[in-house]
Each structure stands twice: as structure tokens, then as C-alpha cells.
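Peer 1: Dropping the structure in here first, questions after.
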Amino acid sequence: MIAKRLSSRFHYAWIIAGLTFLTMLTASGLRSTPGVLIVPLNKAFGWDTATISLAVSINLILFGFSGPFAAAVMQKFGVRKVMVGALLLVALATALTTLMTAPWQLYLLWGVLVGLAAGCMTSVLAAVVTNRWFVKRRGLILGILTATNATGQLIFLPLLASLAVKHWQEAALVTTGAALLVVPLVALLMRDRPRDVGLRPYGANPEEEEGAATASNPFKAAFGGLMMGLRSRDFWLLAGSFFICGLSTNGLIGTHLIPASIDHGIPEVTAASLLATIGIFDLIGTTLSGWLSDRMDNRLLLCWYYGLRGLSLLLLPFVLGTNYLSLSVFIVFYGLDWVATVPPTTRLAADIFGKENVGIVFGWIFAAHQLGAATAAYSAGVARTFFGTYQQTFITAGLICLLASGMVIRIGRTSRKPAMVAPAPVPEASGVA
């Protein structure tokens with residue numbers, strides 16, 4: 001009844017976008033926590049950077065590889081149930097981390113459980129929601145939703161860092177409380193599809209038929225989406241470039257910028273504020289990227305994004321710890337395209353594979369992103385332990401980003417669209433939920 005009253009005043013798609021934004025904002029706050037906790041856990045338990053980074057890598061891998069399965073489960077059981085379940089699992093796992101005393105507990109709780117749950121509340125969720133609920137403004141809404149990573153950093157990082165300096169457990173409990181606060185809102189107001197409130201997607205043609213829900217097994221659907229992708233060269237280019245995207249963002253800067261800054265004499269809270277400042281520029285850049293993805297060639301956008309990111313990472317080792325003015329140059333250039341790659345990558349995936357398949361196919365592309373993130377999170381930790389510096393890692397990541405800039409320009413050239421099999425429709429009762 002609440003949904004019906006709200007939809008009578010304005011299109012309910014905006015309520016759905018707001019709830020998705022809030023959920024992804026909470027997930028981004030959770031994703032910000034490992035970088036803040038590396039130094040405090042080292043001091044509290046004596047665990048070295050490589051040991052803690054392994055937990056982050058497990059988290060990032062499962063965070064990514066749960067995406068396509070989460071998208072398939074959303075198709076079968078609904079977005080609302082998946083979101084509520086993921087939020088409750090996050091709350092349970094982060095609360096239990098305050099009781100851990102051994103690395104295997106960190107791997108299980110923060111690595112496995114949080115990784116699986118958070119993977120249901122990331123870019124895959126944004127792709128599913130925007131393609132179901134929006135026709136007009138799809139790129140812009142996708143840009144705003146993916147900018148939650150930046151907004152979450154801006155809100156959570158300074159707070160978490162200030163808490164972690166004295167009592168790291170308090171930082172974990174903040175993420176627990178944030179997840180629990182969102183649960184009742186999602187349970188009460190979230191809907192799976194526009195027809196659940198008697199509407200069509202925002203801006204849809206009245207004659208356009210909305211895609212039906214699927215009755216297929218979620219695991220079969222997830223692997224079917226993977227097989228569809230593997231037959232397309234464009235999938236390999238999208239997944240390969242997104243691997244590099246994850247390597248150069250979440251895995252490297254998101255996990256290791258704070259400890260790298262501490263290595264150069266920058267206090268932890270100040271370092272967290274610098275990472276949060278990157279979030280400010282990313283909020284601008286990603287929202288603008290979503291707007292541009294509705295109007296420009298998305299391959300050219302990605303080419304520019306990866307090129308600028310590569311140059312900024314090549315600059316970082318020479319400005320970190322020198323002076324704040326030089327570091328500000330890095331923050332601006334890097335921050336503007338931190339997650340700006342997501343809207344054009346998602347749009348390209350939807351154009352190539354169809355909007356009914358984009359959730360699962362993009363889920364696998366995002367899995368490649370997180371595999372890259374996990375690779376960087378662990379290898380950078382090992383390099384720091386072995387060499388005592390992050391310099392080699394930053395330079396290598398910058399050069400790889402320049403490689404990605406050349407890869408994305410080849411997307412859509414001399415590649416045929418793969419054959420797709422429509423899912424079996426599920427009869428649904430009409431009426432307003």
C-alpha cells in the first residue's frame with residue numbers, strides 16, 4: 001500500500017534508485033574498511049601486511065565472483081530478498097570480526113562471508129536495477145549509483161580511521177550498524193520490477209514489452225551467461241580491461257594508499273581523508289561519466305579514462321610524501337575516473353548482450369574486475385613486505401592501465417553479437433504489490 005501511494009505522486013523508479021543508492025552506499029563503506037584496518041590489525045595482532053592482504057584478496061575475489069550468481073538469483077527470487085539477505089549477512093560477519101584472534105577467522109569472516117554478501121550490493125545490482133526500471137536517464141542513474149563508492153568513502157573513511165586508531169573493533173561495529181539500519185527500508189519499500197507497482201519502466205515506450213522473470217536454475221543461468229560471453233571477443237576485451245580497472249582501483253589504491261601514505265610520514269587519519277577526497281572527485285567524475293555515456297562513444301570514454309588513470313599512477317610514486325600540492329594533482333586526476341569506467345562498460349555490455357542478459361554477463365565482467373583487484377591487493381602487500389616500498393607496484397599498475405586504454409578501443413569491431421536464448425517466462429499475477 002505504501003508503494004502504491006508513493007507511485008501515485010511520482011514514478012516509483014526514483015524510490016527504487018534511492019534505495020539502491022543507500023544500499024550500495026552502505027556496501028561501499030564496508031569496502032572502505034580493510035584499508036583502514038591494515039595498520040591497526042598489524043599493531044593489535046602482529047600480523048604482517050601480506051597476511052592481512054590475503055584476507056582482502058579473498059574478499060575481493062568472492063566480492064566479484066558472487067556477482068553473476070547474485071544476478072541470477074535476483075532474476076529468480078527477486079532483488080528485494082537478495083538485498084535484505086546480503087545486508088543481514090554483512091551485519092553478522094562484521095560484528096563477529098570484533099571477536100577474532102587468529103588470521104583464519106579474518107579470512108572466513110571478512111574474506112568469505114563479507115565478500116559473498118557485499119558482492120550482491122555492487123555494480124551488478126546497479127546494472128540490474130537501472131536496466132529494469134529506467135529507459136530514459138539510464139546512463140545518468142547508473143553513474144550516480146556507481147558513484148556510491150566515492151560517496152561511501154567520503155562519509156565512512158575519516159570516521160572509520162579515527163575510530164580504528166584507538167579501537168579497531170569500533171570501526172567494524174559502525175559498518176554493522178549501518179547495514180542493520182538499511183534493512184527495514186529495503187524490506188518495506190523495495191520492489192523487483194515496475195509491474196509490481198503497476199508501472200512501466202521510467203521513459204519506456206507504452207508498446208514496449210517488459211522482460212519476463214526467469215524460471216531457470218540460478219546456477220545454470222549464471223554459467224549460461226558465462227558461456228554466452230566466452231563466445232564473444234568483446235566480452236574478453238571488456239573483462240580484460242575491467243580486470244585492469246579493478247587492479248588499479250580497489251585492489252591497489254583502495255587497499256594500499258593509506259599504508260603507503262603512512263610509510264611516507266602521513267598520519268593515518270590524514271591519509272584516510274586523502275582517500276576520501278579522491279571520493280569527492282570520483283563522485284563528480286562518475287556522475288558526469290554516466291551522463292556522457294548516454295551521448296558519446298563509450299569506447300572512446302574508456303580509452304580516455306584508462307589513459308588518464310595510467311598517467312596518474314605513474315606520477316604517484318614521485319609525489320607521495322613530497323608535498324600536499326603535488327599529491328593534490330594526483331588526487332584530482334585519479335579521483336575523476338576512479339569508478340568512471342563503470343557506466344560506459346555497463347552500457348557496452350547491455351548494447352552487445354541485451355538488457356535482459358546484462359545483469360549476469362556484466363556480473364562475470366565485474367568478476368574479472370575483482371580478480372584484478374584481488375591480484376593487486378595481495379601482490380602489493382607481498383611487494384611491500386619484500387621490498388619495503390610500494391613504488392614498483394604503482395609504476396607497474398600505471399603501465400598496465402595504458403595497455404587497457406588500447407584494448408577498449410577495439411570493442412565492437414569485427415565481432416558478431418553472440419546468439420542469445422530467451423529465458424522461460426514465469427506467469428505472474430497482475431496487480432499492485
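Peer 1: Report the label-to-label distance for LEU181 and PHE77 in nanometres (one decimal), using points 7 Å from each Cα along the Cα→Cβ vector.
Peer 2: A separation of 2.7 nm, rounded to one decimal place.
Peer 1: Using every alpha carbon pair in segment 237-281, what percent of pairs falls into each 10 Å bin from 0 up to the bin containing the largest distance?
Peer 2: In order of increasing distance, the bins hold 27, 44, 22, 7 percent.
Peer 1: State the three equivalent ellipsoid semi-axes of the chain, derived from the C-alpha gyration tensor as the square roots of 5 times its eigenvalues, in descending order and whole Å.
Peer 2: With the √(5λ) rule applied to the chain, the semi-axes are 34, 25, 19 Å.
Peer 1: Can you give me the three principal axis dimensions of segment 331-391 from its C-alpha atoms, in Å, biggest first?
Peer 2: Over segment 331-391, Cα extents along the principal axes are 47, 26, 11 Å.
Peer 1: How tilted is helix 79-97 with respect to the longest principal axis of the chain? Cα atoms for both, answer in degrees (0 to 90, nearest 10).
Peer 2: The angle comes out at about 20 degrees.
Peer 1: With a 1.4 Å probe and all protein chains kept in place, how much accessible area does GLU170 have, in Å² rounded to the nearest 10?
Peer 2: Estimated to the nearest 10 Å², GLU170 gives 80 Å².
Peer 1: Shape verdict for segment 281-357, please, from the Cα gyration tensor: rounded (a/c under 1.5), prolate (a/b greater than b/c) or oblate.
Peer 2: Prolate.
Peer 1: Follow-up question, since we're still on this one. Rounded to the nearest 500, what is the chain's calculated 222 nm mean residue ellipticity when only DSSP H runs of at least 4 contribute -39500 (n - 2.57) each, over all residues?
Peer 2: Counting only the DSSP helices, I get -24000 deg cm²/dmol.
Peer 1: About the Cα centre of the chain, what is the dipole size in debye to 20, counting +1 per Lys and Arg Cβ and -1 per Asp and Glu Cβ, all else neutral?
Peer 2: 820
Peer 1: Nearest 10 degrees is fine. How inclined is helix 358-387 to the longest principal axis of the chain, computing both from alpha carbons?
Peer 2: 10
Peer 1: Give me the distance between the Cα centres of segment 80-103 and segment 261-310, rounded to whole Å.
Peer 2: Answer, in whole Å: 28.
Peer 1: Sticking with this one: For the full complex of protein chains and a 1.4 angstrom probe, list LYS76, LYS166 by accessible area with the highest value first.
Peer 2: Listed by decreasing accessible area, they come as LYS166, LYS76.
Peer 1: Using +1 at the Cβ of each Lys and Arg and -1 at the Cβ of each Asp and Glu in the chain, identify which of GLY240, ALA118, THR346 lies farthest towards the dipole's positive end.
Peer 2: Projecting each Cα onto the dipole axis, the largest value belongs to THR346.
Peer 1: Once you have the Cα-Cα distance between ILE262 and VAL112, take 0.36 nm times their residue separation minus that, and quote the gain in nm to one decimal.
Peer 2: 51.2 nm
Peer 1: So, one more: Which peptide among 10-16, 117-123 comes first, and what is the full order, when sorted by highest mean count of other Cβ atoms within 10 Å?
Peer 2: 117-123, 10-16
Peer 1: So, one more: Counting only protein chains, not ligands or nucleic acids, how are ARG231, ARG138 ordered by accessible area (probe 1.4 Å), most first?
Peer 2: The ordering from most to least exposed comes out as ARG231, ARG138.
Peer 1: Going by average Cβ density within 10 Å per residue, which order do the peptides 54-63, 92-101, 375-384 take, highest to lowest?
Peer 2: 54-63, 375-384, 92-101
Peer 1: Based only on Cα atoms, what Rg/Rh ratio does segment 237-341 have, Rh being taken as Kirkwood's radius?
Peer 2: 0.99
Peer 1: Sorted by mean Cβ packing within 10 Å, highest first, what order do the peptides 20-26, 104-110 take?
Peer 2: Sorting 20-26, 104-110 by mean packing, highest first, produces 20-26, 104-110.
Peer 1: For segment 313-352, state the semi-axes of the equivalent ellipsoid (square roots of 5 times the eigenvalues of the alpha-carbon gyration tensor), sorted largest first and rounded to whole angstrom.
Peer 2: 31, 8, 5
Peer 1: Something else now. Would you be so kind as to identify which of SER405, GLY335, VAL82 lies farthest towards the positive end of the dipole of the chain, taking Lys and Arg as +1 and Asp and Glu as -1 on Cβ and the Cα centre as origin?
Peer 2: VAL82
Peer 1: Normalized C-alpha radius of gyration of segment 56-170, against 2.2 N^0.38 Å?
Peer 2: Here the answer is 1.18, to two decimals.
Peer 1: Can you compute the modelled spin-label distance between ARG231 and THR101, with each label point 7 Å from Cα toward Cβ, in nm?
Peer 2: 5.5
Peer 1: Next question, about the same structure. Any chance you could give the angle, 0 to 90 degrees and rounded to 10, that helix 342-353 forms with the longest Cα principal axis of the chain?
Peer 2: Result, in degrees: 40.
The values are calculated or read from the model by the stated rules, or taken from the named source; none is laboratory data. Not measured: the values here are computed from a predicted model. No Cβ is skipped: glycine too gets one built from the backbone with ideal geometry, and neighbour counts run over all protein chains shown. Surface accessibility is based on the protein's heavy atoms, side chains included, excluding ligands, DNA and RNA. Shrake-Rupley method; radii C 1.70, N 1.55, O 1.52, S 1.80 Å.
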